[in-house]
1. Within region 42-59, track down each residue that is open to solvent by less than 70 Å² (accessible area, probe 1.4 Å) and part of a helix (DSSP H, G or I).
2. The conditions are (1) touching a strand residue (DSSP E or B) at 6+ places or on another chain (Cβ under 6 Å); (2) surrounded by fewer than 17 Cβ atoms within 10 Å (Cβ to Cβ); (3) at negative phi, and S335 fails exactly one of them. Which is it?
3. Pairs, please: C-beta under 6 Å, at least 6 apart or cross-chain, first residue over 22 Å from Q211 (Cβ atoms) and in region 295-314, second in a helix (DSSP H, G or I)?
4. Which of the residues that make up region 187-222 are in a strand (DSSP E or B), surrounded by fewer than 20 Cβ atoms within 10 Å (Cβ to Cβ) and within 11 Å of ligand 1 (Cβ to nearest atom)?
5. Looking at K114, K143, K131, K137, which one is closer than 15 Å to E185 by Cβ, open to solvent by 70 Å² or more (accessible area, probe 1.4 Å) and not polar (S, T, N, Q)?
6. Can you tell me which residue among F270, F288 is open to solvent by less than 10 Å² (accessible area, probe 1.4 Å), within 13 Å of ligand 1 (Cβ to nearest atom) and either closer than 30 Å to G377 by Cα or in contact with a strand residue (DSSP E or B) (Cβ under 8 Å, 6 or more places away or on another chain) (or both)?
7. Within region 68-118, track down each residue that is assigned to a helix (DSSP H, G or I) and in contact with a Pro (Cβ under 7 Å, 6 or more places away or on another chain).
8. For P62, indicate whether it is assigned to a loop (DSSP other than H, G, I, E, B) and within 26 Å of L300 (Cβ to Cβ).
Amino acid sequence: MKVLVIGGGGREHAVVKKLSESPKINKIYCTPGNAGISQIAQCINIKATDIDGILKFVDENPMDMVIVTPDDPLALGLVDKLNEKKIRAFGPVAKAAELESSKAFSKNLMKKYKIPTGDFEIFDNAENALKYLKDKKYPLVIKASGLALGKGVIIVSDQEQAEKTIDQMMRNDMFGTSGHTVIIEEFLQGPEVTVLAFTDGNTIKTMPSSQDHKRALDDDKGLNTGGMGAFSPSRHYTKDIEDYCINNIFYPTIKAMKKEDRNFKGVIYFQMMLTKDGPKVIEYNARFGDPETQALLPLLKTDLYDIFNAIIDETLDKIDIIWENKASATIVLASGGYPKEYIKGFKITGIDEVQNNGITVYHMGTAIKDGNIVTNGGRVLCLTATADNVEDAVAKVYNNIEKINFKDMHFRRDIGKK
Ligand code: AMP
Ligand code: GLY
């Protein structure tokens, strides 16, 4: 079989690597891919958001399946367009991907179907938002409704900061049109847990729980990033909490989507806060998380291609998904300056050495220049190890991390500590 994976980050490297282990697949293409992916797949230089370019490519190069993992092409309706052409596509259609691409939609859905989440109000007019902020209890959370590279959430500690944030988002295009509608939300407290799940719209099969680290610096300081590291499983996600989530969050969500005629097929990412009043949804993503996927997929024993087929055919209930009963950790190596400005093109060394020590290296933002692997993004590489527990998995990565070298390399030193 011949398949095409859309995207070019660490998540796509992990998906491509898993698919390359399937005996059913003999050729993998990736658009645009990266230096690591190019070692196991044929990379084609078409951007993940170039929908017409991708459609032209699959017209000329028939595929048995196209796997769409990044948020933008999902929101742009790539899966819908592939479906129209009768090409088997993995990922939600645009109407279902709105679970992520419109926080206003997902918050209203949760309200309508009584899925636990923080209290909120939605505004598309700055004056009304500013009026609402008066006499409120702080902190509050202000969120851009649309996609914002995982950075559209601002926690404000007083009215002045809140007013400034509304002004920046709604009047000054801080997140472009994504911030023209905002959600002002109750500040929730408690440990955060993420659960990714495969779903065909009828059945949900969860992956092991995980936890991301969104801030750039240790102790959750610094700016929000796409994620600086993740580990699995979460210490907080007990069997009781899991049962609660399955019955009150996971199934109610896919049933609600079906009822709204937005049948969700793909991976749903549930980010939850375990508050003293029970788990509440912080947000949904309509796709595999990055870097959570790089921590989770190494533990998957079942053929990922079989799972994708079962989702497309709506037969997920018929397949057993087996995970290795181990912990894992992945730690991101970023360019100095990320998530603000950074310089690309620095030579990376040490990858072979850490791989020889049993670490899996996923490329996030890399390219090949003059025969060398060089930095080509904010998040450059992530290093994954598995072990019997999270502490050992984390230690394995940290024992190897400084064998990798590129100019201005930055990583967090506290991944998996709490
Ligand atoms: P998100 O981009 O939705 O993943 O949000 C980024 C981070 O903001 C989350 O990982 C949480 O730590 C935090 N956050 C989002 N919503 C809330 C909330 N209602 N209360 C407290 N923290 C939140
Ligand atoms: N790691 C968070 C995300 O993929 O959005």
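The values are calculated or read from the model by the stated rules, or taken from the named source; none is laboratory data. None of these values were measured; they are calculated from a predicted model. Note that each Cβ is placed from the backbone with ideal geometry, even for glycine, and that neighbours are counted across all protein chains shown. Note: areas computed on protein heavy atoms with side chains; ligands, DNA, RNA excluded. Shrake-Rupley method; radii C 1.70, N 1.55, O 1.52, S 1.80 Å.
1. I51, G53, I54, L55, F57, V58
2. (2)
3. L304/K18; L304/L19; Y305/L19; A310/L316
4. E192, R215 - these are the residues of region 187-222 that are in a strand (DSSP E or B), surrounded by fewer than 20 Cβ atoms within 10 Å (Cβ to Cβ) and within 11 Å of ligand 1 (Cβ to nearest atom).
5. Sole residue among the options that is closer than 15 Å to E185 by Cβ, open to solvent by 70 Å² or more (accessible area, probe 1.4 Å) and not polar (S, T, N, Q): K137.
6. F270
7. Answer for region 68-118, where residues must be assigned to a helix (DSSP H, G or I) and in contact with a Pro (Cβ under 7 Å, 6 or more places away or on another chain): L74, V79.
8. Here the answer is no, as P62 does not meet what is asked.
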